[in-house]
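Notes to accompany the following structure.
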Amino acid sequence: MTRKVFNFSPGPALIPEPVLRQAADEMLDWQGTGMSVMEVSHRGKDFMALHARAIADLRELLAIPPNYKVLFMQGGALAENAIVPLNLMGDAGQADYLLTGQWSLKSAREAARYGQVNIVADAAGADAPGAKGAYTHIPEQSVWKLSRDAAYLHLCTSETIEGVEFQRDPIVGLGEHEVSPDVPIVADMSSHILSRVIDVSRYGCLYGGAQKNIGPAGLTFVIVREDLIGRAHRLCPSAFNYQVVADNDSMFNTPPTFGIYLAGLVFEWLKAQGGVAAIEAINIEKARMLYDAIDGSGLYQNRVSRTDRSRMNVTFFLRDERLNEAFLADAREAGLMNLKGHRVVGGMRASIYNAMPIEGVRALVAFMRDFEQRRG
Ligand code: PMP
């Protein structure tokens with residue numbers, strides 16, 4: 001059986017086909033054990049080896065420095081919105097948040113239950129370039145109003161709903177507009193982790209849900225600098241305390257074993273593609289093809305500032321919105337699935353994560369041209 005459609009879902013999202021094939025082949029008999037990987041103990045020798053290999057591969061792929069811990073947790077990125085302040089807000093009792101879209105907005109709102117939240121800039125604020133209340137850009141670092149006493153600065157470096165993405169790591173240093181090395185940067189990287197080369201050392205903590213670029217939903221990754229571990233609030237649940245999770249090698253409680261297994265296969269697949277730099281080059285090309293098609297057309301329009309356009313979640317609108325339903329129906333007919341934009345933003349969104357082959361983007365571009373000729 002081969003795939004019959006291209007799936008542009010924002011998440012849970014496409015998983016590389018060879019990974020699904022291997023998982024299918026091994027489903028009833030994993031590594032000659034006669035059991036499914038889902039049926040074995042997480043503390044058994046074989047699973048522990050798989051777990052260690054997955055973490056080692058992730059460390060290699062992201063060039064994670066040795067003074068960071070990789071934790072596999074549960075609860076998704078939204079649970080981290082509470083887990084992060086519970087672990088990192090500490091005595092400061094306050095943290096800085098940059099608002100660039102729906103996900104960072106949610107993060108800030110949740111954090112406000114645990115301490116003081118300072119908004120360093122709001123991309124949909126009064127002087128925003130887009131329509132009122134719309135998130136269409138990343139405010140320049142020079143306008144962020146950073147607080148000296150913040151326990152950390154929180155960013156969402158890839159806003160899945162609006163299709164806004166940081167194109168470079170924030171600048172850390174002692175300069176006027178730089179983020180002080182004393183204020184660790186915490187970033188929700190759910191929708192672009194492993195899609196581009198990043199400098200992990202600029203961040204204190206990276207986290208996200210696995211269900212876009214890593215594997216199935218149910219697994220959360222946290223990459224945290226060691227000196228930030230051990231500051232948790234006394235009411236932080238043990239299973240969410242970075243110290244407890246790290247001390248127990250992410251096995252304080254039963255981890256999402258099947259998710260970790262699939263994530264491990266995705267990491268192996270990514271290494272076989274040449275690693276993050278190699279996949280980034282393909283991601284650049286895929287995004288270029290799609291934005292060129294949008295910009296070159298009279299029917300489609302992208303509203304994000306050019307410098308902040310996402311390579312992972314390409315949002316676009318039909319200038320004649322009455323054609324939306326026909327566009328989606330014809331797309332489905334052509335095997336191009338899940339292109340409807342998020343309800344908050346409307347329009348269309350094509351999520352083109354690592355696992356989306358370039359042929360999928362080619363098929364989408366060809367369909368969009370054809371639809372415009374027929375209906376535009
Ligand atoms: N942050 C970002 C950037 C996301 O894209 C999502 C999910 N789409 C979330 C947070 C929420 O993740 P979860 O549903 O895994 O909690």
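Quick notes on this one:
- In the stretch 57-91, residue farthest from the chain's Cα centre (by Cα) [restricted to those that are away from the ligand (no atom under 16 Å from the Cβ) and open to solvent by 50 Å² or more (accessible area, probe 1.4 Å)]: D91
- Selection status of R53, in a helix (DSSP H, G or I) and of a type in the set (D, E, K, R): yes
- Among residues that are in a helix (DSSP H, G or I), free of Cβ contacts under 8 Å to residues at least 60 places away in the same chain, more than 19 Å from the chain's Cα centre (by Cα) and under 29 Å from V19 (Cα atoms), F367 is included.
- Subset of the stretch 13-45 that is in contact (Cβ under 8 Å) with a residue 24 or more places away in the chain, in a loop (DSSP other than H, G, I, E, B) and among the hydrophobic types (A, V, I, L, M, F, W, C) - its residue that is nearest to L265 (Cα to Cα): I15
- Of all residues in the stretch 204-222, one or more are away from the ligand (no atom under 16 Å from the Cβ) and closer than 21 Å to P65 by Cα.
- Each residue in the stretch 164-197 was checked for being out of contact with any Phe, Trp or Tyr (no Cβ under 8 Å at 6 or more places or on another chain) and within 15 Å of the ligand (Cβ to nearest atom), and 5 of them qualify.
- Residue in the stretch 116-129 that is in contact with an Asp or Glu (Cβ under 7 Å, 6 or more places away or on another chain), more than 16 Å from the ligand (Cβ to nearest atom) and not acidic (D, E) present: yes
- Condition check for G133: crowded, with 17+ Cβ neighbours inside 10 Å, at positive phi and not polar (S, T, N, Q): no
- Residue check for I284: open to solvent by 30 Å² or more (accessible area, probe 1.4 Å) and not assigned by TED's automatic domain parsing to the domain that holds A124: yes
- Count of residues meeting criterion [of a type in the set (A, V, I, L, M, F, W, C), open to solvent by less than 40 Å² (accessible area, probe 1.4 Å) and in contact with a helix residue (DSSP H, G or I) (Cβ under 7 Å, 6 or more places away or on another chain)] in the stretch 249-268: 6
- Any chance S238 is closer than 30 Å to R21 by Cβ and modelled with pLDDT of 95 or more: no
- When the helices (runs of 4 or more DSSP H) confined to the stretch 250-347 are screened for residues that are more than 20 Å from the chain's Cα centre (by Cα) and closer than 21 Å to P10 by Cβ, those reaching at least 3 such residues are found at 276-295, 324-333.
- Per-region count, the stretch 130-162, residues within 14 Å of the ligand (Cβ to nearest atom) and part of a loop (DSSP other than H, G, I, E, B): 6
- Of the strands (runs of 3 or more DSSP E) lying entirely inside the stretch 170-227, the ones with 2 or more residues being among the small types (G, A, S) are found at 205-209.
- Those residues of the stretch 163-179 which are touching a residue at least 40 places away in the same chain (Cβ under 8 Å) and open to solvent by less than 10 Å² (accessible area, probe 1.4 Å), in sequence order: G163, V164, E165
- Of all residues in the stretch 106-127, none satisfies being under 15 Å from S310 (Cα atoms) and either assigned to a loop (DSSP other than H, G, I, E, B) or in the same structural domain as G341 (by TED's automatic domain parsing) (or both).
- Which numbered condition V344 misses (of (1) at pLDDT below 95; (2) at positive phi; (3) not aromatic (F, W, Y)): (2)
- Filter pass, A246 being under 12 Å from N87 (Cβ atoms), at pLDDT 95 or above, open to solvent by less than 70 Å² (accessible area, probe 1.4 Å) and not in a helix (DSSP H, G or I): no
The values are calculated or read from the model by the stated rules, or taken from the named source; none is laboratory data. Small disclaimer: the values here were computed from a predicted structure and weren't measured. Cβ coordinates were reconstructed from backbone atoms using ideal geometry, including for glycine residues, and neighbour counts include every protein chain displayed. When the accessible area is computed, the model is the full protein with side chains, heavy atoms only, and any ligands, DNA or RNA have been set aside. Shrake-Rupley method; radii C 1.70, N 1.55, O 1.52, S 1.80 Å.
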